[in-house]
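J.: To start, I am sharing the structure in question, which I have written as structure tokens.
The values are calculated or read from the model by the stated rules, or taken from the named source; none is laboratory data. Remember, it's a predicted structure, so these values are computed and weren't measured experimentally. We place every Cβ from the backbone using ideal geometry, glycine too, and count neighbours over all the protein chains shown.
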Amino acid sequence: MIFTIIALTGCKSKYTLSGDNIPENLKTFEVKSFQNTADIVEPGIERIFTTTLQDRIKDNTRLTLTGSGGDLVYEGEITEYRVTPMTATANQRASQNRLTISVMVRFTNKKKEDDDFEKRFSFYYDYTGNELPSGQIKSAALEEIFERITQDIFNESLAKW
């Protein structure tokens, strides 16, 4: 038993998903305002997404948010906001709907160009067919979708060191 504990504590890895392992030469990041270019434009979601991404990086790294000239730059647009019926009832009504949001992200690492990427990130939220994606449903959907998308962006851009 004691041997197992000693063996496990001795196997500490320097790799973390918190962003603590970011190279020392990176000090700042910038998140440019994401525009909403989706066919269906839901007012205000671009601001919510931009803020959520800024908070994700600020809360999980030692990097400082800057308005311009960041070592790391995130920019892009919300390219999809779509509600799709997923299952139907016997009388041809949706019993479940899915809200899908996709975001195109361009990431630039000014200190290491090999890390730059342009990639689409997407996630969804399912809700019952007798509800509309507004009010509390919309708030819960945006929170879950943006939580997942910003985590995926964080992992793609920062969790690899």
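J.: Could you list, in sequence order, the residues of the stretch 43-88 that are of a type in the set (Phe, Trp, Tyr) and closer than 16 Å to PHE107 by Cα?
T.: PHE49, TYR74 - these are the residues of the stretch 43-88 that are of a type in the set (Phe, Trp, Tyr) and closer than 16 Å to PHE107 by Cα.
J.: Sort through ARG120, ARG62, ARG106 and tell me the only one that's surrounded by fewer than 19 Cβ atoms within 10 Å (Cβ to Cβ) and part of a loop (DSSP other than H, G, I, E, B).
T.: Checking each option against the conditions leaves just ARG62.
J.: Which of (1) modelled with pLDDT of 95 or more; (2) farther than 17 Å from LEU158 by Cβ; (3) among the charged types (D, E, K, R); (4) surrounded by fewer than 16 Cβ atoms within 10 Å (Cβ to Cβ) does GLU77 not meet, given it meets every other one?
T.: With (1) modelled with pLDDT of 95 or more; (2) farther than 17 Å from LEU158 by Cβ; (3) among the charged types (D, E, K, R); (4) surrounded by fewer than 16 Cβ atoms within 10 Å (Cβ to Cβ) applied to GLU77, the lone miss is (4).
J.: Still on this model: List the residue pairs whose Cβ atoms are under 9 Å apart, where the first residue sits in the stretch 113-129 and is free of Cβ contacts under 8 Å to residues at least 12 places away in the same chain, the second is surrounded by 15 or more Cβ atoms within 10 Å (Cβ to Cβ), and the two are 6 or more positions apart or on different chains.
T.: These pairs meet every condition: ASP116/PHE107; ASP116/THR108; ASP116/ASN109.
J.: Now a separate question. Which pairs turn up if I take residues in the stretch 142-161 that are at pLDDT 95 or above and look for partners that are part of a loop (DSSP other than H, G, I, E, B) with beta carbon separation below 9 Å, at least 6 apart in sequence or on another chain?
T.: LEU142/GLU42; PHE154/LEU17; PHE154/GLY19; PHE154/THR61; ASN155/LEU17
J.: Somewhere in the stretch 65-74, is a residue over 17 Å from the mean Cα position of the chain (by Cα), part of a strand (DSSP E or B) and either among the aliphatic types (A, V, I, L, M) or surrounded by fewer than 19 Cβ atoms within 10 Å (Cβ to Cβ) (or both)?
T.: Taking every residue of the stretch 65-74 in turn, none turns out to be over 17 Å from the mean Cα position of the chain (by Cα), part of a strand (DSSP E or B) and either among the aliphatic types (A, V, I, L, M) or surrounded by fewer than 19 Cβ atoms within 10 Å (Cβ to Cβ) (or both).
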